[in-house]
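So the structure is just underneath, and the comments pick up after that.
The values are calculated or read from the model by the stated rules, or taken from the named source; none is laboratory data. Keep in mind that what you see is a predicted model, and the values were worked out from it rather than measured. Glycine also receives a Cβ, built like all others from the backbone with ideal geometry; neighbour counts cover every protein chain displayed.
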Amino acid sequence: GESVGLHLPTLSVQEGDNSIINCAYSNSASDYFIWYKQESGKGPQFIIDIRSNMDKRQGQRVTVLLNKTVKHLSLQIAATQPGDSAVYFCAEMGVRGGKLIFGQGTELSVKP
Amino acid sequence: DAGVIQSPRHEVTEMGQEVTLRCKPISGHDYLFWYRQTMMRGLELLIYFNNNVPIDDSGMPEDRFSAKMPNASFSTLKIQPSEPRDSAVYFCASSFKSDRPYETQYFGPGTRLLVL
């Protein structure tokens, strides 16, 4: 669905703690999911992706979990650092590929 | 690799003027996407091309918006005439088709448009 609203959900964490950012996606037929990070004044940057035939994928300090039953996606960031402060978007893509649908975004703020 | 290049980075114009945004995708990429980002509507896909051909323009708001891709290394998004509600950040992204079923889109830095 569309992203509506003036204020993004915000998550505030202490440096060194783990962060969990959640996303509810809209289409049960979506087959591919991506997390993007967007720092202030920059374009979205790819973090990690996952196919619908998986329920977990790990990268460097990041883990994505997919629960297709409830159409839920989460991004876990281990040992959160000040440089992780940004807006995080989940995005979904259908089986035909091409078109990404972005979620509303969550603003992560890391306190030193 | 220089990444996706967009110009101008900032544009301030008056209502009714024509605005042209430019994008150079990553060399070798055969998909190009134009997005618009606002606080109210988030990140929206406007149009995307594959091998320079428009595939889906259902996100283009109205006839005032047009996009072209004359060759594999250049695309434009034009707004004529511009209106204050067009003020937003416009992103270009590109990706390439390989043997993977889905490709990561790489975003440019964006053009910040303000229409007065």
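Restricting attention to region B:13-24, does a residue exist that is outside any strand (DSSP E or B) and within 26 Å of A:GLY103 (Cα to Cα)? No, that holds for no residue. Scanning region B:48-65 for residues that are out of contact with any Phe, Trp or Tyr (no Cβ under 9 Å at 6 or more places or on another chain) and either more than 13 Å from B:THR20 (Cα to Cα) or exposed (fewer than 14 other Cβ atoms within 10 Å of the Cβ) (or both) yields B:ASN52, B:VAL53, B:SER58, B:PRO61, B:GLU62, B:ASP63. The single condition among (1) within 14 Å of chain A (Cβ to nearest Cβ); (2) closer than 24 Å to A:GLY103 by Cα; (3) within 15 Å of the chain's Cα centre (by Cα) that B:ASP86 does not satisfy is (1).
Specify which of the listed residues (B:LEU45, B:LEU21) is surrounded by 18 or more Cβ atoms within 10 Å (Cβ to Cβ), out of contact with any helix residue (DSSP H, G or I) (no Cβ under 8 Å at 6 or more places or on another chain) and modelled with pLDDT under 95. Lay out the reasoning, then the answer.
Working: B:LEU21 fails: modelled with pLDDT under 95.
It is B:LEU45.
Counting only strands (runs of 3 or more DSSP E) that fall entirely inside region A:11-110 and contain at least 2 residues that are touching a residue at least 60 places away in the same chain (Cβ under 8 Å), under 24 Å from B:ALA93 (Cα atoms) and within 12 Å of chain B (Cβ to nearest Cβ), the qualifying elements are A:32-38, A:86-93, A:100-102.
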